[in-house]
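One structure is given here, and the rest of the page talks about it.
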């Protein structure tokens, strides 16, 4: 990271612009910083972040592609690229980005979750179950992975597995468990 006084000054200016909701001004500041440091990890990630906040997914994707090209060891960059590619409907490119993030950090629960959502859309349920099991192992108190896992078990015609998950969710996320019961028609007794 560049720690020159000019770099630090522009970084603080951009952060101040973001605090006051001046996204376009912050983007211009980051782009000016990029002119001086075209491969800077923080600058590239910031450009991608601001572009995404402004709704410019394609611009954010382009910035993330530059980021991972110059910093292929950055698992967060790969995850963010996968996330935005998936949001943009490019599952073919999103999957390897998620998998690259996981190859760099196998404990990145959100990459397991993002990969699982993509696999669900492609009806690759066996792979989705494996990804969701990793996600729920890493984030056992987050209901999102459990919810998706129950839905996948139903898609695989395994209602007993979905019932186990609903029972489990009743222990710490009763609202999500109730939502699953409403959506699926399954009725599961409260755990004893």
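Hey, among 122, 134, which residue is under 25 Å from residue 85 (Cβ atoms) and surrounded by fewer than 15 Cβ atoms within 10 Å (Cβ to Cβ)?
Matching residue, one of 122, 134: 122.
State all residues of the range 82-94 that are assigned to a helix (DSSP H, G or I) and either closer than 18 Å to residue 51 by Cβ or touching a helix residue (DSSP H, G or I) at 6+ places or on another chain (Cβ under 6 Å) (or both); if no residue qualifies, say none.
Residues satisfying the conditions are 82, 83, 84, 85, 86, 87, 91, 93, 94.
I'd like the residue in the range 50-67 that is free of Cβ contacts under 8 Å to residues at least 24 places away in the same chain and crowded, with 19+ Cβ neighbours inside 10 Å and, out of all such residues, is nearest to residue 6 (Cα to Cα).
63
Looking only at the range 95-112, count every residue that is surrounded by fewer than 24 Cβ atoms within 10 Å (Cβ to Cβ), under 11 Å from the mean Cα position of the chain (by Cα) and part of a helix (DSSP H, G or I) and tell me the total.
Residues meeting the conditions: 2.
Read the figures in this text as sums done on the coordinates, not as results from a lab. Since the model is a prediction, treat every value here as computed from it, not as a measurement. Note that we place each Cβ from the backbone using ideal geometry, even for glycine, and neighbour counts take in every protein chain shown.
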